[in-house]
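Worksheet: the structure to be examined is printed underneath.
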Amino acid sequence: MKFEPWLAYTIGAGLCWGTYVPMIAFGGKELKSRYIAFLCVGVAYFLIAVLFPVVRIMLGWEKVTDLKTTGLVFATLAGAAGAFGALGVIFATAAAQPEDRIYIAPLIFTLAPVLNTVVSLIWHPTTDHPFHFALPEQLPGWKLFIGIVLVGAGAGLVLLSKEEAEASKGPPKPAVTAPPSNQPS
C-alpha cells in the first residue's frame, strides 16, 4: 500500500485532537481560568485559520472564484461547531471531579465518529437543497452496526482499564517535606 498524503494529514489531525483535551485542561488549570485558556484557543485559531488562508490567497496560492452563500454559511457553522465543541470540553473539564476527567476525551471521541457517520449517511446537501436528508437507497451492511458497537465497547474498555489502573495505585501518598533547618544562613 502506498502512503498517501491524505493519510498523513489524517494522522496529524488525530494526533492534534487526541492531545487537545489534556492540553486545554492543563492550560486552564495553570492559568487558573478556563476562559483565558479558551481565549488562547481562539488566538491560535485566528493565527492558523485566519492568517494562514489570507496569506495563501494574497500570495495567489489559492484562487477564490466562487463564494456561494450556502458554502460560507455552512463553513461558518462548522467553525461554530468546533468552537462550541472546544467550549464544551472546557466546561466538562471544569465541572468534572479530577477522577472523572479521564472519561471526557474517550466519550467525546466515541460520540464524534458515530455521529459523523450517521449524519453523513442521511444528510445529502446540494446548493439548492442544503437541508436534504434521506436514507440511502441501500443501507450499510452489518459491519457498520458492529463497528458502532465496537467503538462503544472500545471506549468502555479504555475507561475501565484506566479506572482499574487508578484503583490499583491506592490512595495518594502524603507529600514528604523536609523539617525546618535551624542552621543560620
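Miscellaneous remarks
- Working from the Cα coordinates of segment 113-152, the gyration tensor eigenvalues give, after taking √(5λ), semi-axes of 24, 12, 5 Å in decreasing order.
- With Rh defined as the Kirkwood radius, the inverse of the mean 1/r over Cα pairs, the Rg/Rh of the chain is 1.09.
- When the trypsin sites (Lys or Arg not before Pro) in segment 14-69 are filtered for DSSP coil states and for at most 16 other beta-carbon atoms within 10 Å of their beta-carbon, the remaining sites are K32, K63, K68.
- Only helices enter the 222 nm calculation for the chain: every DSSP H run of n ≥ 4 contributes -39,500 (n - 2.57), and dividing by all residues gives -22500 deg cm²/dmol, rounded to 500.
- Eligible lysines near K169 by straight Cα distance, threshold 30 Å, same-chain separation 8 or greater: K29, K32
- Helix 142-169 and the long axis of the chain differ in direction by around 10°, with both axes built from C-alpha atoms.
- For segment 7-107, chymotrypsin sites (Phe, Trp or Tyr not before Pro) meeting the loop criterion (DSSP other than H, G, I, E, B) and having at most 12 other Cβ atoms within 10 Å: W61.
- A simple spin-label model places pseudo-atoms 7 Å from Cα toward Cβ; at F145 and E164 they are separated by 3.0 nm.
- Whether segment 100-168 is rounded, prolate or oblate, judged on the alpha carbon gyration tensor where a/c under 1.5 counts as rounded: oblate
- Once each of the GluC sites (Glu not before Pro) sitting in a DSSP loop with at most 16 other beta-carbon atoms within 10 Å is removed, the chain keeps 63-136 as its longest stretch.
- Degrees between helix 5-31 axis and first principal axis of the chain (Cα, 0 to 90, nearest 10): 40 degrees
Quick note: the coordinates plus some simple rules give every number you see, no bench work behind them. No experiment lies behind these values; they were computed from the predicted model shown. Heads up, the Cβs are rebuilt from the backbone with ideal geometry, glycines too, and the neighbour counts pull from every protein chain shown.
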